[in-house]
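Chemist: A single structure is presented below for examination.
The values are calculated or read from the model by the stated rules, or taken from the named source; none is laboratory data. Not measured: the values here are computed from a predicted model. Neighbour counts run over all protein chains shown; Cβ positions are idealised from the backbone, glycine included. Please note that ligands, DNA and RNA were not included when accessible areas were found on the heavy atoms of the full protein model with its side chains. Shrake-Rupley method; radii C 1.70, N 1.55, O 1.52, S 1.80 Å.
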Amino acid sequence: MTSFLSKIFASSDDPDSLGASFRKKRLAYFESLFFKNFDPGKPVRILDVGGTAYFWESSKLIEYPTIEITLLNLHLEKSELPNIKGAKGDATAMPEFGKGEFDLVFSNSVIEHLYTWENQQKMAQEIQRVGKKYYVQTPNRYFPIEAHYALPFAQYWPKNLLLQTLTKTPLSRFQKWDLKAAKQYIDEIRLLDEKEMKELFPQGKVYQEKFGGMTKSITLHNLD
């Protein structure tokens with residue numbers, strides 16, 4: 001039981017965690033769609049909004065030198081992989097990129113970190129402007145375990161109670177959060193539901209990631 005709970009509440013950066021298991025399955029699903037839509041023998045430009053080089057290290061895509069992945073973040077994300085490069089920028093405004101400049105825009109668990117619905121709308125608009133195709137995933141607002149804190153229904157808690165729980169107890173992922181980091185997360189996270197994701201990406205297809213018969217995360221994409 002202890003081992004099972006450890007897998008559930010451990011950070012998704014832990015390769016033995018449940019979160020890492022979901023991420024692996026999610027990546028496999030994405031790759032199956034990618035290879036149906038693109039010929040890896042030809043140049044393919046991917047923009048990963050809010051992504052990390054770590055995420056792609058286990059991906060089959062980096063085996064192809066023709067696939068170029070740009071990681072867009074507020075900070076410059078470093079990469080030692082030859083076909084992955086970092087770029088500084090804002091997901092809600094990408095004037096440095098032209099319309100349809102990328103063959104695919106990818107984003108995993110990022111759009112919920114933008115503070116407001118207005119910012120989420122801006123990010124969605126920019127993704128659909130600069131990308132010919134897109135694949136955008138986010139945790140489901142209504143899943144009973146809040147994805148970032150691994151606490152039951154934490155998305156509905158009063159902010160003061162959540163802050164105290166995160167910083168004064170080890171209930172969230174078996175550790176006490178740093179006060180600054182906890183405040184930042186509480187301020188910036190605005191979880192989305194399927195209805196809102198469909199509104200953001202009206203031409204997209206819905207993929208629901210399930211756990212225990214419930215929708216854990218939602219993906220909207222326009223891949224065939």
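Chemist: Where in the chain is the longest stretch that carries no trypsin sites (Lys or Arg not before Pro) classed as loop by DSSP and with at most 14 other Cβ atoms within 10 Å?
Modeler: 100-224
Chemist: Here's something else I'd like to know. DSSP beta bridges in the chain, what fraction antiparallel, as a percent rounded to 5?
Modeler: In the chain, DSSP labels about 40 percent of beta bridges as antiparallel.
Chemist: Can you pull the one-decimal nm distance between simple spin-label points at residue 159 and residue 125, each 7 Å off the Cα toward Cβ?
Modeler: 2.5
Chemist: For residue 211, what residues show an amide H to amide H distance below 5 Å, using hydrogens built from the backbone and excluding near sequence neighbours?
Modeler: Under 5 Å from the amide H of residue 211 lie the amide H atoms of 216, each far enough along the sequence or on another chain.
Chemist: Compute the distance in nm between two label points, each set 7 Å from the Cα along the Cα-to-Cβ direction, one at residue 54 and one at residue 88.
Modeler: My value for the distance between the label points is 2.2 nm.
Chemist: Based on the Cβ-Cβ distance from residue 199 to residue 142, what FRET efficiency comes out when R0 is 22 Å, to the nearest 0.05?
Modeler: The formula returns an efficiency of 0.90 here.
Chemist: Follow-up. Each residue of region 169-175 in turn: what ³J(HN,Hα) in whole Hz from Karplus with 6.51, -1.76, 1.60 and θ = phi - 60°, glycine and Pro shown as x?
Modeler: 10, x, 5, 8, 6, 6, 8
Chemist: Here's another thing I want to ask about it. Any idea of the accessible area per residue across the chain, 1.4 Å probe, to the nearest Å²?
Modeler: Result: 53 Å² per residue.
Chemist: Moving to a separate point now. Given charges of +1 on the Cβ of Lys and Arg and -1 on the Cβ of Asp and Glu, with all other atoms neutral, how large is the dipole of region 31-122 about its Cα centre, in debye to the nearest 20?
Modeler: The calculation lands at about 140 debye.
Chemist: Check which residues have an amide H placed less than 5 Å from residue 83's amide H, if you skip close sequence neighbours.
Modeler: Sorted by chain and number, the residues that satisfy this come to none at all.
Chemist: Now for a different question. Return the calculated 222 nm mean residue ellipticity for the chain, to the nearest 500 deg cm²/dmol, obtained by summing -39500 (n - 2.57) across DSSP H runs with n ≥ 4 and dividing by the residue count.
Modeler: So the helix-based figure for the chain works out to -9500 deg cm²/dmol.
Chemist: My understanding is that a pair violates if its Cα-Cα distance is over 31 Å; which of 133/180; 60/168; 88/132; 60/176; 159/205 do that in this structure?
Modeler: Pairs exceeding 31 Å: 133/180; 60/168; 60/176; 159/205.
Chemist: Given region 160-223 reduced to its alpha-carbon atoms as identical point scatterers, what log10 I(q)/I(0) does the Debye formula return at q = 0.19, 0.21, 0.24, 0.29 Å⁻¹?
Modeler: Debye curve over Cα of region 160-223, log10 I(q)/I(0) at q = 0.19, 0.21, 0.24, 0.29 Å⁻¹: -0.82, -0.85, -0.91, -1.09.
Chemist: Ignoring ligands, DNA and RNA, how do 56, 157, 177 rank by accessible area with a 1.4 Å probe, largest first?
Modeler: 157, 177, 56
Chemist: List every residue whose amide H lies under 5 Å from the amide H of residue 134, counting only residues 5 or more places away in sequence or on a different chain, with H placed 1.01 Å from N in the peptide plane.
Modeler: Hits under the 5 Å cutoff: 105, 222, 223.
Chemist: With the convex hull built on the Cα atoms of region 118-217, state its orientation-averaged projected area in nm².
Modeler: Averaging across all directions leaves 7.4 nm² for the Cα convex hull.
Chemist: Just the number, please: carbon plus sulfur as a percent of the accessible area of region 72-224, 1.4 Å probe, no ligands or DNA/RNA counted.
Modeler: 55
Chemist: Let's see if you can work this out: charge +1 on each Lys and Arg Cβ, -1 on each Asp and Glu Cβ, no other charges. What is the dipole magnitude of the chain about its Cα centre, in debye to the nearest 20?
Modeler: 380
Chemist: While we're here: Let me make sure I get this right: for the chain, a, b and c are the square roots of the gyration tensor eigenvalues over alpha carbons, sorted descending. Under 1.5 in a/c it's rounded, otherwise prolate if a/b > b/c, else oblate. Which is it?
Modeler: Verdict is prolate for the chain.
Chemist: With θ taken as phi - 60° and the coefficients 6.51, -1.76 and 1.60, list the Karplus ³J(HN,Hα) couplings across region 189-202 in order, rounded to whole Hz; mark glycine and proline as x.
Modeler: Residue by residue, region 189-202 yields 7, 10, 5, 10, 10, 5, 4, 5, 5, 5, 5, 6, 10, x Hz.
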